[in-house]
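Heads up, the thing below is written out as structure tokens.
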Amino acid sequence: MSLGDLSDQELLAEYAKRSGSLRDAVVNELFERHYARVARWCLRFAGDRDAAADLAQDVFLKAHRHLGSFKGASRFSTWLYTIVRNESPRSSPHAAGRGNGCATSCPRPSIESSARSSRCTTGTTCRSMRLPGF
């Protein structure tokens, strides 16, 4: 039986049992299986292809780093979506200062403050400070 025939849960069980190149093959199969979906989510959150590609790379790096901590309480794709959402500058206050032109981490604006100004306290324009469509 090839890795492609296994479910996500079975692949995660194999990941826990394997080491070295066999473990890498399991991770590659798991991530290749979900890459297109994660890329679409990232494009939706990031708004442009370059930012989406960067976000997808960050998502898969974080997923790889924390794969051993995946508990299986949800589907693997749900876990990946949570990482996308948390890593996205549009939805995460922790990521607000990353990749948006800010030298510092800017606070997430309220809708009212965004409508008044798209400049953060450092004087730079932040993508996270603009409302979508403006």
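The values are calculated or read from the model by the stated rules, or taken from the named source; none is laboratory data. Everything numeric in this text was worked out from a predicted model, so none of it was measured. Please note: Cβ atoms are built from the backbone with ideal geometry, for glycine as well, and neighbour counts cover all protein chains shown. Side chains are part of the model used for accessible areas, which takes the heavy atoms of the whole protein and leaves out ligands, DNA and RNA. Shrake-Rupley method; radii C 1.70, N 1.55, O 1.52, S 1.80 Å.
Numbers at a glance
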read-out: Qualifying residues in region 28-38 (those that are crowded, with 18+ Cβ neighbours inside 10 Å and among the aliphatic types (A, V, I, L, M)) - the one nearest to Asp5 (Cα to Cα); value: Leu30
read-out: Count of region 41-87 residues which are in a helix (DSSP H, G or I), of a type in the set (Asp, Glu), open to solvent by less than 70 Å² (accessible area, probe 1.4 Å) and farther than 19 Å from Val27 by Cα; value: 1
read-out: Residue selected from region 1-13 under the condition more than 24 Å from the chain's Cα centre (by Cα) and surrounded by 10 or more Cβ atoms within 10 Å (Cβ to Cβ), by the criterion nearest to Glu32 (Cα to Cα); value: Leu3
read-out: Residue satisfying condition, being under 12 Å from the mean Cα position of the chain (by Cα), modelled with pLDDT under 50 and over 30 Å from Leu3 (Cα atoms), within set Ala51, Ala95; value: Ala95
